[in-house]
Amino acid sequence: MSASIAAPRFRVTQLVRWVTPTALILLFVIFAVASPTFRTPGNLLHILVNNFTLPAIVALGMTLVVSAGGIDLSVGTSADIAAMVAVTLMSLGHGLALSLAVGLGGALMVGVVDAALITVLGISPFLATLGVLFVGESVQQLATNGGTPIYLVSNFPAAGLDALAHGTALGVPAPLWIVLAAVIVVQVLLGRTPFGRHVRAIGAAPQVARYSGLPVRRATWLVYLLSALLCGVSGLLLAATVKSYVPLSGNAFLLDAIGAVFVGTTISREAKPNVLGTLIGVFLFGMLHNGLLLIGWNFYWQQVAIGLLVFAVLGASFATRRLQAAD
Amino acid sequence: MTEEALALRDIVKSFGATRALDGASLVVRRGTIHGLIGQNGAGKSTIIKILGGLYQLDAGRILIHGEEPRSVTPRLVEELGVHIIHQEALLVPGLTVAEALFLGNELRHGPLLAPFSMRRRAEAIVRETFGVSLSGNMLISELSAAQRQIVQITRALLNKPRVLVFDEPTAALVRREANRLFDIIRGLRDEGTSIVYISHYLEEVRDLCDVVTILRNGRDVATVDPRTTPMAEIVSLMINRDIHEMFPKQVIPCGKAALTLQSLGKAGAYEDVTFTLHAGEILGLTGLVGSGAKEVLQTAFGLTRHDRGQILIGGKPARIGSPGRAIARRLGLVPEDRRHQGVALDISVRENMTLASLRGLTRFGLIDTRRERGQVMSLIERLGIKTPGPDARLRDLSGGNQQKVVLAKWLSAKSDIYILDEPTVAIDVAAKVEIYRLLGDLVAQGAAVLILSSDLMELQGICDRVLVMYRGRIVRRLVPAETTADEILAAATGALAPLDKAA
């Protein structure tokens, strides 16, 4: 009778969960040895601010979406639309607050389209958001004469915008505060609210969610809206940093965000998306970009290295889980 | 040439700890229609899957036309002329009727397929055998269940099998189509084909079969001539009823009306369904696949809509359009497909238990984890759930304990009307008894329980009343103390004439 209770398989599960942190530490040590510049506090802060904050905010939204069993390929579109709208308004002379708010509204519209395609028309999240990604690219190219950046002339709300990108509070750069806020929001939503629990149940077993009377549609809407909103924040921060809107620049977030979420699942006992794992994943990628640059690898090799890293982490994790299943 | 078309002798097959077949034998003489009957779980499907090479047997022998195949694989069995038409139509949904019929034996012009000839041949064959016209261009996914069955049977006939096995072929057919099928089967027998016919419908078996083998608990308990053996005897052979201590039945005085269905109807599913479930009552509902009983449960829980009639909760009309609304009216459903609909296997016991009641466990919009944990711990203790802990994944629990977690979910949601759909299928006996005891405790505390089951012992053992549905209607309202399992089964299989003025 007690044979019906399977003993928790600590041994192997623990092993899987250490794959990603080990990779992080290993790479850190390698870069620190190979490049003296890498290990300076200045550079480490540089990684945090320039290689971590923007993809982290996007990846936090993606963590919600993947938790609900979906995927959002339109993250770059949300970010770009927010930047395009806000920068255009500012260049036309509108105030900072209004421009940013309308920019976020633009990002939300992308989320509305995603959610409507998925819940109303029943299109799979992958195809729905892929479609939005393509349409979003065309919209941006049409709106910018085939992709001409819009630069903000220096006299205009530059001061406020600059504070957003380069200001500090209590000695900590403003973008890091924004990441912190996003982390708290997503962590609390996912971990502590009925909404987060529902999202996880929908992702784990959609039929059970339905048979338990959960508000599946509403949760799906919220998840895509939140993702779009976070992407919008990221897009606005990017625009503030470079003081311009460069069409299609948000797409760079997409693969890092998806990669980080899935790499992050390896640290969770249930192999589920989680905030800490996602942050570790984003930091891992950010460190890789920065470290490879410092040891002299060019941009294209960086992409190869990141691809290999994702394969290595996920491959190691799947292999161990298969071992575990064979136990 | 032997007289025995098929001989399965002393077949043993276990799945984990449960022994599905325990020395069952089935010997089919050439040119006969051989019926195979038994309750759910008696081993009918298992023995057929072993014959078809889908399961490997643990012990026993299989002879096909006197030959023992080297190994029993689906391919070898077909080469020996045995063709099985499985219960769930095994057809590729994306193919057309013509493609599905000729799959593997396509008509060709040289190296190229001959789609038009195949289409014409397909349509002609279906018309000849069934007397119905079916476009060869229709996709399998566009066909009704009956049409799919027709395609599958036609496909089997194309291979000119020597032994043809039907597993519940009429579940999806209407009367006319079923009669047509019986004519075809008789014609095949007269041409020398041997038929194995598995069915729940006793009347069909009586009318069609030359010999009937009755399976019970994985053994063949008798092989009889259905035309000379009284129906009652066959039924009692199917049922084993010496274990009444399995059912800890408490007698609770019936309370107020909890759930009332009034003349409920849904096109193609059920018709004029009226009953009242009272507080303190365990009401049994039974019927075969296609009887509409399952759809009635789904409507009551808001998963499907009804066309006619109304639902009352606590005596007042209620609109139940979704599971969410049903739960708000304190209904809870334990679905039949536990692993896909009942529990989320990859999340924890705790999260599964509170899934439908999180709103009541929040403080300032956040889940009060201490209260949640306390509630989960007390439910684990109250239901005697064997789990490594509240945070163990549900996958790591046994079937019986998973089922208790589903019940705990509704206890946590403070449900007072419990709807259970085959709650003890694939659960070991000890856990079954615990679930029966739990249901007894629930009604003792004023809850109402509606249980759909095809387990006659269970219905007799725990229910205060039993409603039997047949082809969409309630045909009998029985009190277990005053009835026999034979009567329930006879009503469910249509062997009794429906009562027109059911009280």
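The values are calculated or read from the model by the stated rules, or taken from the named source; none is laboratory data. All values derive from a computational prediction rather than experimental measurement. With ideal geometry, Cβ positions are generated from the backbone for all residues, glycine too; neighbour counts draw on all protein chains shown. Note: areas computed on protein heavy atoms with side chains; ligands, DNA, RNA excluded. Shrake-Rupley method; radii C 1.70, N 1.55, O 1.52, S 1.80 Å.
Converting phi to 3J(HN,Hα) with the Karplus coefficients 6.51, -1.76 and 1.60 and the offset θ = phi - 60°, segment B:395-409 yields 4, 7, 9, 6, x, x, 6, 4, 5, 5, 5, 4, 4, 4, 4 Hz in sequence order, with x at every glycine or proline. Mean projected area of the convex hull spanned by the Cα atoms of segment B:40-140, taken over all viewing directions: 9.3 nm². Annotation: segment A:143-209 has a Kirkwood hydrodynamic radius of 15.8 angstrom, from the mean reciprocal C-alpha pair distance.
Taking +1 at the Cβ of each Lys and Arg and -1 at the Cβ of each Asp and Glu, which of A:L161, A:W221, A:T40 sits farthest along the dipole of segment A:16-326 towards its positive end, judged by Cα position relative to the Cα centre? So the residue furthest toward the plus end is A:W221.
Can you list which of the DSSP-assigned H helices in chain A have a Cα extent of 18 Å or more along the long axis and an average Kyte-Doolittle score of at least -1.0?
Answer set is A:19-34, A:53-67, A:75-91, A:96-115, A:125-143, A:174-192, A:216-242, A:252-265, A:275-294, A:299-326.
For chain B, build the charge dipole from Cβ charges (+1 Lys, Arg; -1 Asp, Glu) around the Cα centre, then report which of B:G399, B:I488, B:G255 sits farthest towards its positive end. It is B:G255. Please determine, in degrees from 0 to 90 and to the nearest 10, the orientation of helix B:429-444 with respect to the longest principal axis defined by the Cα atoms of chain B, where the helix direction is its Cα long axis. With both axes taken from Cα atoms, the answer is about 40 degrees. Other residues with beta-carbon under 15 Å from the beta-carbon of A:T119 carry, at +1 per Lys or Arg and -1 per Asp or Glu, a net charge of +1. Here the dipole of the protein assembly as shown is about 1420 debye; that uses its Cα centre as origin and unit charges on the Cβ of Lys and Arg (positive) and Asp and Glu (negative). The phi-based Karplus calculation (6.51 cos²θ - 1.76 cosθ + 1.60; θ = phi - 60°) puts the 3J(HN,Hα) values of segment B:153-162 at 5, 4, 4, 5, 5, 4, 7, 6, x, 8 Hz, whole numbers, x for Gly and Pro.
Label reach from B:Q310 (point 7 Å along Cα→C-beta): in segment B:320-340, amide nitrogens under 15 Å belong to B:320-321. Taking amide hydrogens as placed 1.01 Å from N in the peptide plane, the amide H of B:L277 sits under 5 Å from those of B:A258, B:L259, B:T260, B:L261, each at least 5 positions away in sequence or on another chain. Considering only DSSP beta bridges where both residues belong to chain B, give the percentage that are antiparallel (nearest 5). Roughly 55 percent of the DSSP beta bridges within chain B come out antiparallel.
Treating each Cα of segment A:221-270 as an identical point scatterer and ignoring solvent, apply the Debye formula and state log10 I(q)/I(0) at q = 0.13, 0.29, 0.30 Å⁻¹. These q points yield log10 I(q)/I(0) values of -0.42, -1.09, -1.10.
On a per residue basis, the convex hull of the C-alpha atoms belonging to the protein assembly as shown measures out at 218 Å³.
If you average the C-alpha positions of segment B:198-236 and of segment B:399-462 separately, how far apart do those two centres end up, in angstrom? Using only Cα atoms to place each centre, the spacing works out to 31 Å.
When Rg and the Kirkwood Rh are both derived from Cα coordinates, the Rg/Rh ratio for segment A:16-326 amounts to 0.98. Volume per residue of the convex hull around the Cα atoms, evaluated for segment A:236-327, comes out as 113 Å³. Magnitude of the charge dipole for chain B, about its Cα centre and with charges confined to Cβ atoms of Lys, Arg (+1) and Asp, Glu (-1), is about 1560 debye. Spatially, segment A:121-189 and segment B:1-73 are offset by 66 Å when compared through their Cα centroids. B:E99 contributes an accessible area of around 80 Å² to the protein surface, as traced by a 1.4 Å probe with all chains present. Computed about the Cα centre, the dipole magnitude for segment A:16-326 is approximately 960 debye when only Lys and Arg (+1) and Asp and Glu (-1) carry charge, each at its Cβ.
The mean count of C-beta atoms from other chains within 10 Å of the C-beta of residues in A:194-206, rounded to a whole number, is 5.
Based on the reciprocal of the average 1/r between different C-alpha atoms, the Kirkwood radius for segment A:172-327 equals 17.8 Å.
Taking amide H positions as modeled 1.01 Å from N, with prolines and chain starts lacking one, the residues under 5 Å from B:R216 and 5 or more places away or on another chain are B:V221.
Candidates B:G290, A:W177, B:A431 compared by Cα position along the dipole of the protein assembly as shown: farthest toward the positive end lies A:W177, with charges placed on Cβ.
As a ratio to 2.2 N^0.38 Å, the alpha-carbon radius of gyration for chain B is 1.06.
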